[in-house]
Amino acid sequence: MKRLENKVALITGATKGIGETTARLFADEGAKVLICGRNDADGQRVEAEINAAHGAGTARYFKLDVTSMDNWKEAIDFAESQFGKLNILVNNAGISYPENVVTTTPEIWNKVIATNQTGVFYGMQQVIEAMARTGEPCAIVSTASVDGHVGDELYFAYCAAKAAVEAMTRCAALYCANHKLDIRVNAVAPGYILTPMAEEDARQNGKTIEEYCADCAELHPIGRLGRPDEIAKAYLYMASDDASFVTGTTLMVDGGYTAR
Ligand code: NAI
């Protein structure tokens, strides 16, 4: 049996990178998927490709900016109207800017916190009622980072937001358990993964992607960057009933980065 048979999943930032890979993997595993993102062309492409592979109606695209509470409500309503319910939320959308404690402007701070922290809060808060309505096991998975565990001089706001994701995960998990809601809440903390975000980081730091990969590989005892599918598989574990006794925790998927 497929691991997400009869489940409906909403995935943010699903038009590229780790989120896109996750949408495809979840559909492979039997889920109906709501591909959320801000780029219509990419969203419609991913929707069409998943539907071509798995049948019409497997995937739908919805334009969601995670920093808007109203937009979250619309996305959840859309998921329920299209698929009849919502079992899984993957809070994957994120942004980063290479700015330290001195160079981080209020604008950059607010943008990073709005997307990487407040967006996760809105998602967690808004899905709980819809998930409770299903009467089925549900799961929220949010994306943390190794940067929530170790300092990185260049990513001041990003580190702050990613550490907060883990704190919010613990608090929301306790809320759901204490209120007898069948909703598990967990996080996945990736090491460096080769995605468009990595390409953008390389560009912002004035490096070619080859230089960036060589420098980053050294940080991971396994000796390379991770692949998007290696994070998508961790989301899959946390989202599936295989993790039925797992809540309030963060799974490091970082090639040993934080083991040193
Ligand atoms: P990416 O840049 O390839 O994809 C991020 C997605 O989030 C994009 O589709 C983007 O449009 C979307 N997004 C950004 N702001 C948004 C907003 N306000 N509303 C809706 N969508 C928005 O990045 P990647 O690498 O796939 O990252 C996915 C997650 O993994 C992020 O949370 C990131 O912080 C995290 N992560 C990535 C690492 C890496 O090395 N690539 C390392 C550790 C964590």
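Electrostatic tally near GLU136: other residues with Cβ closer than 11 Å to its Cβ, Lys and Arg +1, Asp and Glu -1, net +1. Exactly which GluC sites (Glu not before Pro) in segment 1-68 are in a DSSP loop and have at most 12 other Cβ atoms within 10 Å? Qualifying residues, ordered by number: GLU5.
Could you state how much accessible area CYS171 has, in square angstrom rounded to the nearest 10, with a 1.4 Å probe and all protein chains kept in place? The value for CYS171 is about 90 Å².
With the simple model of a label 7 Å out from the Cα in the direction of the Cβ, ASP242 to ALA48 spans 3.3 nm.
In the chain, taking the dipole from charged Cβ atoms about the Cα centre, the farthest positive-side position among TYR158, ALA59, ILE18 is held by ALA59.
Seen from ILE35, the other residues with C-beta closer than 13 Å to its C-beta sum to a net charge of +2, counting Lys and Arg as +1 and Asp and Glu as -1. Here is how the number arises for the chain: DSSP H runs of 4 or more residues each give -39500 (n - 2.57), the sum is divided by the residue count, and the result at 222 nm is -14500 deg cm²/dmol.
Restrict the search to segment 151-208; then list the GluC sites (Glu not before Pro) that DSSP places in a loop and that have at most 15 other Cβ atoms within 10 Å of their Cβ. Walk me through the intermediate numbers first.
Values: sites: GLU153, GLU166, GLU199, GLU200; in loops: GLU153.
Qualifying residues, ordered by number: GLU153.
Taking every Cα-Cα distance in the chain and sorting them into 5 Å bins from zero, the calculated P(r) comes out as 1, 7, 14, 18, 21, 17, 12, 7, 3, 1, 0 percent.
In the chain, the longest principal axis of the Cα atoms and the axis of helix 40-54 are about 60 degrees apart. Compared with the dominant Cα axis of the chain, that is its longest principal axis, helix 69-83 is turned about 50°. Heavy-atom accessible surface of the chain, averaged per residue, reaches 45 Å², computed with a 1.4 Å probe. Say we join alpha carbon atoms closer than 10 Å with springs in a Gaussian network model of the chain; which of ALA53, ALA93, ALA167 then has the biggest fluctuation? Residue with maximal mean-square fluctuation among ALA53, ALA93, ALA167: ALA53. Give me the angle, in degrees from 0 to 90, between the Cα long axis of helix 119-134 and the longest principal axis of the Cα atoms of the chain, rounded to the nearest 10. With both axes taken from Cα atoms, the answer is about 20 degrees. Rounded to the nearest 20 debye, the dipole magnitude of the chain is 620 debye, with +1 charges on Lys and Arg beta carbons, -1 on Asp and Glu beta carbons, and the Cα centre as origin.
The values are calculated or read from the model by the stated rules, or taken from the named source; none is laboratory data. These figures come from a predicted structure and were not determined experimentally. Virtual Cβ from ideal backbone geometry, glycine too; neighbours counted across all protein chains shown. Protein only, heavy atoms only, side chains kept; ligands, DNA and RNA dropped before computing areas. Shrake-Rupley method; radii C 1.70, N 1.55, O 1.52, S 1.80 Å.
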